[in-house]
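See structure below.
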Amino acid sequence: HAESIDKLYGEVAPTGDDALGLVMREPLGVVASIVPWNFPLMMTAWKIAPALAAGNSVILKPSEKSPLSALRLASLAREAGLPRGVFQVLPGYGHTVGQALALSMDVDCLAFTGSTGVGKRLMQYAGQSNLKKVFLECGGKSPNLVFADCKDLDRVAEHAAGAIFHNQGEVCIAGSRLLVENSIREAFVEKVLAAAERMQPGDPLDPAS
């Protein structure tokens, strides 16, 4: 995203001799981003980097469960010379801070990662205020599809177990369903169970975990 900052050009549209058509690339204005507790720094980077690169100001509401990395990032951004107010972190609860941002007439865009229920409410708040643009990444039930012609069931079983148990299952795209062809179902489920049993919960900084 940093690389794109000086490459967001406008265009001159092809027109006749008696007209001039310009395609302008302009920032939206103030972008409010609401991120969840899982992978808090990565989620923050994904939300703020493209918005800042396009020339917007960003107000970030981190999860109340994991705000420290966002606060530290804001401190580093200030130290790096980002102008005051261009990137702000506003910790707090969703039903207070998140709602206030979504209803604010001064916020031009809302970006959210989290539950479908909250996503619906944010769209309602946008409609009740200034019809701000809303970009949602809401929770789902991502399936793994496994068919009888699979060449390496052991490897797929390892991936299936990792897809749901990685980071305690706190992953937006966690493979939370298995759809398996009947002829291999029992054998495959046994392999997934065996792969899961080899995983050791514990301190994430411990290599044995």
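Would you confirm, using the coordinates I've provided, whether L68 is in contact with a Gly (Cβ under 9 Å, 6 or more places away or on another chain) and farther than 21 Å from S4 by Cβ?
On the way: in contact with a Gly (Cβ under 9 Å, 6 or more places away or on another chain): no; farther than 21 Å from S4 by Cβ: yes.
Considered against the rule, which asks whether it is in contact with a Gly (Cβ under 9 Å, 6 or more places away or on another chain) and farther than 21 Å from S4 by Cβ, L68 comes out as no.
Would you call A77 out of contact with any helix residue (DSSP H, G or I) (no Cβ under 7 Å at 6 or more places or on another chain), in contact (Cβ under 8 Å) with a residue 60 or more places away in the chain, hydrophobic (A, V, I, L, M, F, W, C) and assigned to a helix (DSSP H, G or I)? First the steps, then the outcome.
On the way: out of contact with any helix residue (DSSP H, G or I) (no Cβ under 7 Å at 6 or more places or on another chain): yes; in contact (Cβ under 8 Å) with a residue 60 or more places away in the chain: no; hydrophobic (A, V, I, L, M, F, W, C): yes; assigned to a helix (DSSP H, G or I): yes.
Judged against the criteria, A77 is not a match.
State the number of residues belonging to region 61-73 that are buried (at least 19 other Cβ atoms within 10 Å of the Cβ) and not in a loop (DSSP other than H, G, I, E, B). Write out each step before concluding.
Initially, region 61-73 is screened for residues buried (at least 19 other Cβ atoms within 10 Å of the Cβ), giving 61-63, 67, 70, 73.
In the following step, the residues that additionally are not in a loop (DSSP other than H, G, I, E, B) were identified as 61, 70, 73.
Selection size over region 61-73: 3.
Quick one: would you say L136 is aliphatic (A, V, I, L, M), open to solvent by 60 Å² or more (accessible area, probe 1.4 Å) and more than 25 Å from M42 (Cβ to Cβ)?
Values: aliphatic (A, V, I, L, M): yes; open to solvent by 60 Å² or more (accessible area, probe 1.4 Å): yes; more than 25 Å from M42 (Cβ to Cβ): no.
No; evaluated as a whole, the condition is false for this residue.
Which one of L103, L90 is touching a Ser or Thr at 6+ places or on another chain (Cβ under 7 Å) and open to solvent by 30 Å² or more (accessible area, probe 1.4 Å)?
Details: L90 fails: touching a Ser or Thr at 6+ places or on another chain (Cβ under 7 Å).
Unique residue meeting the criteria: L103.
Table: residues versus (1) at pLDDT 90 or above; (2) closer than 30 Å to C138 by Cβ.
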position: R155; (1), (2): yes, no
position: Q168; (1), (2): no, yes
position: V171; (1), (2): no, yes
position: E181; (1), (2): yes, yes
position: A187; (1), (2): yes, no
position: Q200; (1), (2): no, no
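For region 106-120, give me each residue that is charged (D, E, K, R) and either touching a Ser or Thr at 6+ places or on another chain (Cβ under 7 Å) or surrounded by fewer than 16 Cβ atoms within 10 Å (Cβ to Cβ) (or both).
D106, K120
So which strands (runs of 3 or more DSSP E) are wholly in region 1-53 and hold at least 3 residues that are in contact with a strand residue (DSSP E or B) (Cβ under 7 Å, 6 or more places away or on another chain) and open to solvent by less than 80 Å² (accessible area, probe 1.4 Å)?
Fully inside region 1-53 and qualifying: 30-34.
Out of everything in region 172-209 that is farther than 23 Å from C150 by Cβ and among the hydrophobic types (A, V, I, L, M, F, W, C), what residue ends up being least open to solvent (accessible area, probe 1.4 Å)?
In this case the residue turns out to be C172.
Hey, could you check region 113-170 for residues that are touching a residue at least 24 places away in the same chain (Cβ under 8 Å), part of a loop (DSSP other than H, G, I, E, B) and of a type in the set (K, R) and say which is nearest to E186 (Cα to Cα)?
In this case the residue turns out to be K141.
Is it true that E64 is over 23 Å from E170 (Cα atoms) and over 15 Å from the mean Cα position of the chain (by Cα)?
No: the conditions fail for E64.
Does F147 fit the bill of being loosely packed, with under 13 Cβ neighbours inside 10 Å and of a type in the set (F, W, Y)?
Values: loosely packed, with under 13 Cβ neighbours inside 10 Å: yes; of a type in the set (F, W, Y): yes.
In short, yes.
Is there a residue being loosely packed, with under 10 Cβ neighbours inside 10 Å, of a type in the set (D, E, K, R) and farther than 30 Å from G169 by Cβ anywhere in region 75-82?
Yes.
Filter region 83-104 for residues that are farther than 21 Å from K120 by Cβ, touching a residue at least 12 places away in the same chain (Cβ under 8 Å) and part of a loop (DSSP other than H, G, I, E, B) and give the result.
Answer for region 83-104, where residues must be farther than 21 Å from K120 by Cβ, touching a residue at least 12 places away in the same chain (Cβ under 8 Å) and part of a loop (DSSP other than H, G, I, E, B): G85, V86, L90, P91.
The values are calculated or read from the model by the stated rules, or taken from the named source; none is laboratory data. Predicted, not measured: the structure shown is a model, and the values here were computed from it. Cβ atoms come from the backbone with ideal geometry, glycine included; neighbour counts cover every protein chain shown. Only protein heavy atoms, including side chains, enter the accessible area calculation; ligands, DNA and RNA are left aside. Shrake-Rupley method; radii C 1.70, N 1.55, O 1.52, S 1.80 Å.
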